Amino acid sequence: MNITREKVVSTLIKDKRVPQLETASAFASTNIALCKYWGKRDIELNLPMTSSLSVSMGELGASTKISLSGTEEIWLNGEAVSTNTLFYQRLIEFFDLFRPTADTKFKIETDTNIPVAAGLASSACGFAATVKALDKLFAWEQSDSHLSILARLGSGSACRSIYDGFVLWNAGIAKDGMDSYAEDLEYVWPELRVGILLVDSKQKSISSRDAMQATVETCPYYKLWPETVNKAIKVVDEALEQRDFWALGTTAEANSLAMHALMLATTPPIIYSQGGTLELMQKVWRLRAEGLPVFFTQDAGPNLKLLFLQKDEEKLKEQFAQMRVVAPFAKVKESTHV
Ligand code: PMV
């Protein structure tokens, strides 16, 4: 019999079902995968086919405030979210896992400083911030690995947003997913920069959830993916240890392209790139051929994230005027969040 999310939640939080506060808030950074998660072995529990490796994005993320309330309400960036949206339904279903009684209602207010659903992992930081806030509200005092498991139940990549810096999500093998959680890697790379290039910040046409499932089910090359990611994780891990930026960049870029190649060979095909995405890729390759060490990675959307080092920041800002630059290892300024 399949294990349910409810079962995982009760194993972890046991009888700590009564809120201990009226309101609680938390912040979580979004994360960008350098070696991607693409495909689940268990859809209900968001258990991945493979491990993945990411970097958290410092002050770029979501702040979530949860309050006990007379009515159920969800607010996103200051606007009430309509009850008939997928976003509302997904979040309410997630809260159902923790509700002590059917008539316990929550007001959930999330503020993000990134475009929602533009392939910039807004669900990752949203669910991670939610789980951290719930931990305070109910005084669960869960370990980070347990918070990572709880965040995964909301969205797979959210399990990596529990931590700062470089993060490895171990796929695990257990049926109940108790060994499928993220851990922080100790490497620190203060000079690393991530540049965000928006091509289009509108809602994506197909969710990563549906897209990865279609890939697993219909892409004839999906069977090559586990080995591809595992190799990439090994190379990136070594690159982080050696501070070998070239190895990091080439591997991350190739891994992202391989993920999109799988989608091209899915039936029906899934293409997140737009014309602007390809133009930016070509510009990155041109700059690299001219000697500038810059690489890109792309998630389930048309936008690109550039990887480069601090020493090249000014040159790249001249090339990409609209680029937002994030220093993943700069201290997160708590005071700027809810
Ligand atoms: O966790 P989800 O369902 O948002 O999927 C994330 C998928 C990618 O962003 C494309 C890859 C990744 O590892 O974050």
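Read-outs: derived from the displayed coordinates by stated rules, not from any lab. Since this is a predicted model, take the numbers as computed values, not measurements. A quick note on method: Cβ atoms are made from the backbone with ideal geometry, for glycine too, and the neighbour counts reach across all protein chains shown.
Below, the figures for the structure above:
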{"read-out": "Assigned charges on the beta-carbon of Lys, Arg, Asp, Glu; the chain dipole about Cα centre (debye)", "value": "380"}
{"read-out": "Base-10 log of normalised Debye intensity for segment 2-51 (one unit scatterer per alpha-carbon) at q = 0.18, 0.21 Å⁻¹", "value": "-0.90, -0.97"}
{"read-out": "R0 of 41 Å, Cβ-Cβ distance R99-N230: FRET efficiency to nearest 0.05", "value": "0.60"}
{"read-out": "Bins of 10 Å from zero: percent of alpha-carbon pairs in segment 192-336", "value": "11, 36, 36, 16, 1"}
{"read-out": "Residue-averaged [θ]222 nm for the chain, counting only DSSP H segments that reach four residues, each worth -39500 (n - 2.57)", "value": "-11000 deg cm²/dmol"}
{"read-out": "Selected from S208, S63, I114, residue furthest toward positive end of dipole (the chain; charges at beta carbon)", "value": "S208"}
{"read-out": "Spread of Cα-to-Cα distances over 10 Å intervals beginning at zero, given as percent, for segment 5-184", "value": "11, 41, 37, 11, 0"}
{"read-out": "Cross-link reach list, aspartates and glutamates versus K331, counting only Cα pairs under 14 Å and skipping chain neighbours closer than eight places", "value": "E59, D164, E191"}
{"read-out": "P(r) of the chain over all Cα-Cα pairs, binned every 10 Å from zero, in whole percent", "value": "6, 26, 35, 23, 8, 1, 0"}
{"read-out": "Candidate lysines - alpha carbon under 17 Å from K36, same-chain residues fewer than 8 apart omitted", "value": "K223, K231, K234, K305"}
{"read-out": "Label point at S82 placed 7 Å out along Cα→Cβ; residues across segment 184-214 whose backbone nitrogen lies under 19 Å", "value": "202-207"}
{"read-out": "Within segment 151-255: Cβ-based charge dipole about Cα centre, in debye rounded to nearest 20 (Lys, Arg +1; Asp, Glu -1)", "value": "440"}
{"read-out": "Overall form of segment 113-183 per C-alpha gyration tensor (a/c, 1.5; a/b vs b/c)", "value": "oblate"}
{"read-out": "Nearby aspartates and glutamates by direct alpha-carbon distance to K16 (threshold 16 angstrom, same-chain neighbours under 8 apart not counted)", "value": "E6, D96, D135, E141"}
{"read-out": "Net charge of Cβ neighbours under 11 Å - reference N77; Lys, Arg +1; Asp, Glu -1", "value": "-3"}
